[in-house]
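Here is the structure we will look at, set down as structure tokens.
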Amino acid sequence: MGSDSRTEPVLGYGVLLMAVTHVFIHVFDRVYPALFPVFREEFSLTLPQLGLIASIPPLFRTLASIPSGYIADRFGSRAAIALSFLIQISSALAVVWSKSSLTLFIAIGTLALASTIYHPAALSYTTKLTSDRERSKAIGVQSAGGPLGMALGPISLSLLIPYGWRTVYLLWFIPISLLFLGIWRLRPDEEVIRDRGEKRPQEKSIEQDEGGYTSLLSLGFVVFLVYSAVRNIGGRLIGSFLPLYLTDVRRLSVSLASLVFGSVSIMGVFAAPLGGLFADRFGNKRWLLTVLSASILCLSLAFLSPNAALFTLFYFGYSFFNSCGMAANSSIIAELTPTSRRGMGYALFFLPSSIVGSVAPMIGGFLADWMGLSSLFPLSIAIILASLLLLKFGVKV
């Protein structure tokens, strides 16, 4: 194996820029659900129409997942990331200028395209920048940006709503446009790979496979995707209905339930880098099994808690341990894919989440209507436990 002496440090320019871009690519993710009451009044929307708006982003992500991987591998990470921000800038302006529900639907959907194109390219680029032994730490630093962006969007909306809901999209338009210019300072993928030196033997053999992208579909990779899909189903069943559960079952006010819901994502800002550090120290699969077990325990204790305060405490613990596994998940994908196919590898990794995001809320809504909101918790715990067993006995890394 060649030397990794010319790789970037974990806190080098490229990794830090990936963390910053991750903040801004997610800044609008939780803004539009918070605006549903405003949209209903301004555009005279019905509840089914609002439901359609909620389903459009994951649908767009599903359709764009595989093309986004091809774009990252074919044109390079820098170009793909720049394209994602160009789409985000134009889509944010389209939301601001929307005068009908149709243009609003389309604009919100294309905003989802931006993050879909971004993730395979950004994660692929981060894994190329740093040495194998520091890969999880670097991914952890980058991953911390996403939860921060998800929190900053709703917070800025709460401050700017007196000036009109469109101002939040205009506010973020300025720094996002400046960041778009900074993306072009990134080194091209070819230069980064060249600086890494000789590739690992297993990567060479896979890349020489004449099967092209079919070389990605090893048994280990496919089983890991199945694990990811099962894990996402369990999480989405609860996450989609948490605000309703807090108000209807735990008897919190709407404002307090919204605060809890919005604050949960902040846990990832601290947990993701910490999880990357421990994943590199203990091994990705071993660490992922540990934090997944801890998240199941916290979710079970939250469900069994006698009051809202204890529920919130344990649910934050569940979110914390979930975020601790983000870097390990992404590092395992890097282990299972060759360098030249890594963009597509990450695109396929995010595909189950996009599909589940379109389907799981509908299933959860039916089950909650049939058996009650509380029934979603034991069901989700059982599904996440199944994913843990699949990871332990089915995924070989």
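The values are calculated or read from the model by the stated rules, or taken from the named source; none is laboratory data. Since the model is a prediction, treat every value here as computed from it, not as a measurement. For neighbour counting, all protein chains shown are included, and Cβ atoms are generated from backbone atoms with ideal geometry for every residue, glycine included. For the accessible areas, the whole protein counts, side chains as well, though only heavy atoms, and no ligand, DNA or RNA atoms are used. Shrake-Rupley method; radii C 1.70, N 1.55, O 1.52, S 1.80 Å.
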Query raised in the report: For residue 287, all conditions in the list (1) surrounded by fewer than 20 Cβ atoms within 10 Å (Cβ to Cβ); (2) at pLDDT 90 or above hold save one; what is the number of the exception?
Result: (1)
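So is residue 274 open to solvent by less than 20 Å² (accessible area, probe 1.4 Å), touching a residue at least 40 places away in the same chain (Cβ under 8 Å) and part of a helix (DSSP H, G or I) or not? So that I can check it myself, show each step before the final result.
On the way: open to solvent by less than 20 Å² (accessible area, probe 1.4 Å): no; touching a residue at least 40 places away in the same chain (Cβ under 8 Å): yes; part of a helix (DSSP H, G or I): yes.
It is false that residue 274 is open to solvent by less than 20 Å² (accessible area, probe 1.4 Å), touching a residue at least 40 places away in the same chain (Cβ under 8 Å) and part of a helix (DSSP H, G or I).
Taking residue 395 as the residue in question, decide whether it is under 30 Å from residue 72 (Cα atoms) and modelled with pLDDT of 85 or more. Quick ask: steps written out before the conclusion?
On the way: under 30 Å from residue 72 (Cα atoms): yes; modelled with pLDDT of 85 or more: yes.
For residue 395, the condition - under 30 Å from residue 72 (Cα atoms) and modelled with pLDDT of 85 or more - is met.
Just to be sure, is residue 11 open to solvent by 10 Å² or more (accessible area, probe 1.4 Å) and out of contact with any helix residue (DSSP H, G or I) (no Cβ under 6 Å at 6 or more places or on another chain)?
On the way: open to solvent by 10 Å² or more (accessible area, probe 1.4 Å): yes; out of contact with any helix residue (DSSP H, G or I) (no Cβ under 6 Å at 6 or more places or on another chain): yes.
In short, yes.
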Query raised in the report: When only residues in the stretch 309-328 that are open to solvent by less than 30 Å² (accessible area, probe 1.4 Å) and closer than 30 Å to residue 347 by Cβ count, which is farthest from the chain's Cα centre (by Cα)?
Result: 318
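Which of the residues spanning the stretch 156-176 are under 14 Å from residue 24 (Cα atoms) and either under 22 Å from the mean Cα position of the chain (by Cα) or surrounded by 15 or more Cβ atoms within 10 Å (Cβ to Cβ) (or both)? Step through it out loud before you land on a result.
Kept after step one, since they are under 14 Å from residue 24 (Cα atoms), are these residues of the stretch 156-176: 156, 168-176.
Matches in the stretch 156-176: 156, 168, 169, 170, 171, 172, 173, 175, 176.
Specify the residue that is least open to solvent (accessible area, probe 1.4 Å); the eligible residues are those in the stretch 95-154 that are without any contact (Cβ under 8 Å) to a residue 40 or more places away in the chain and of a type outside the set (A, V, I, L, M).
We begin by selecting, within the stretch 95-154, every residue without any contact (Cβ under 8 Å) to a residue 40 or more places away in the chain; these are 97-99, 102-103, 106-107.
Those left that are additionally of a type outside the set (A, V, I, L, M): 97-99, 103.
Details: 97: 173, 98: 1, 99: 167, 103: 63 Å².
So, considering only residues that are without any contact (Cβ under 8 Å) to a residue 40 or more places away in the chain and of a type outside the set (A, V, I, L, M), the one least open to solvent (accessible area, probe 1.4 Å) is 98.
When the residues of the stretch 226-243 are filtered to those that are open to solvent by 30 Å² or more (accessible area, probe 1.4 Å) and in contact (Cβ under 8 Å) with a residue 60 or more places away in the chain, which remaining residue is farthest from residue 358 (Cα to Cα)?
Step one: of the stretch 226-243, the residues open to solvent by 30 Å² or more (accessible area, probe 1.4 Å) are 226, 230-233, 236, 240-241, 243.
Then drop every residue that is not in contact (Cβ under 8 Å) with a residue 60 or more places away in the chain, which leaves 226, 230-233, 236, 240-241.
On the way: 226: 17, 230: 14, 231: 15, 232: 11, 233: 11, 236: 10, 240: 11, 241: 14 Å.
Among residues in the stretch 226-243 that are open to solvent by 30 Å² or more (accessible area, probe 1.4 Å) and in contact (Cβ under 8 Å) with a residue 60 or more places away in the chain, the one farthest from residue 358 (Cα to Cα) is 226.
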Query raised in the report: Among the residues of the stretch 325-346, is there at least one that is of a type in the set (Gly, Ala, Ser), modelled with pLDDT of 85 or more, under 30 Å from residue 62 (Cβ atoms) and not in a helix (DSSP H, G or I)?
Result: yes
Report task. Working only within the stretch 75-88, note down all residues that are surrounded by fewer than 18 Cβ atoms within 10 Å (Cβ to Cβ) and within 17 Å of residue 173 (Cα to Cα). Result -> 86
Requested in this report: Return a yes/no flag: does the stretch 105-117 have any residue that is modelled with pLDDT under 85 and more than 24 Å from residue 263 (Cα to Cα).
Outcome: yes
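Show me the helices (runs of 4 or more DSSP H) found entirely inside the stretch 1-102 where at least 1 residues are at pLDDT 90 or above.
Values: elements: 13-25, 31-34, 36-42, 47-75, 77-97.
By residue number, 13-25, 47-75, 77-97.
Residues in the stretch 353-376: is at least one open to solvent by less than 50 Å² (accessible area, probe 1.4 Å) and in a loop (DSSP other than H, G, I, E, B)?
Kept after step one, since they are open to solvent by less than 50 Å² (accessible area, probe 1.4 Å), are these residues of the stretch 353-376: 353-354, 356-358, 360-361, 364-365, 367-368, 372-376.
Narrowing the set further to residues that are in a loop (DSSP other than H, G, I, E, B) leaves 372.
Yes - at least one qualifying residue is present in the stretch 353-376.
Quick check on residue 296: is it in contact with a Leu (Cβ under 8 Å, 6 or more places away or on another chain), under 27 Å from residue 130 (Cα atoms) and surrounded by 19 or more Cβ atoms within 10 Å (Cβ to Cβ)?
Numbers: in contact with a Leu (Cβ under 8 Å, 6 or more places away or on another chain): yes; under 27 Å from residue 130 (Cα atoms): no; surrounded by 19 or more Cβ atoms within 10 Å (Cβ to Cβ): yes.
The answer is no for residue 296.
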Requested in this report: Check off (1) over 20 Å from the mean Cα position of the chain (by Cα); (2) among the polar types (S, T, N, Q); (3) surrounded by fewer than 18 Cβ atoms within 10 Å (Cβ to Cβ) for residue 339 and give me the number that stays unchecked.
Outcome: (3)
Query raised in the report: Hey, any hits in the stretch 185-194 for a residue that's more than 27 Å from the chain's Cα centre (by Cα), of a type outside the set (Ser, Thr, Tyr), assigned to a helix (DSSP H, G or I) and at pLDDT below 75?
Result: yes
Report task. May I ask you to list pairs of residues, at least six apart or on different chains, whose Cβ atoms are under 8 Å apart, with the first in the stretch 164-175 being under 16 Å from residue 154 (Cβ atoms) and the second being open to solvent by 50 Å² or more (accessible area, probe 1.4 Å) and part of a helix (DSSP H, G or I)? Result -> 168/161
Query raised in the report: If we keep just the residues of the stretch 198-217 that are surrounded by 14 or more Cβ atoms within 10 Å (Cβ to Cβ) and of a type outside the set (Asp, Glu), which is modelled with the highest pLDDT?
Result: 216
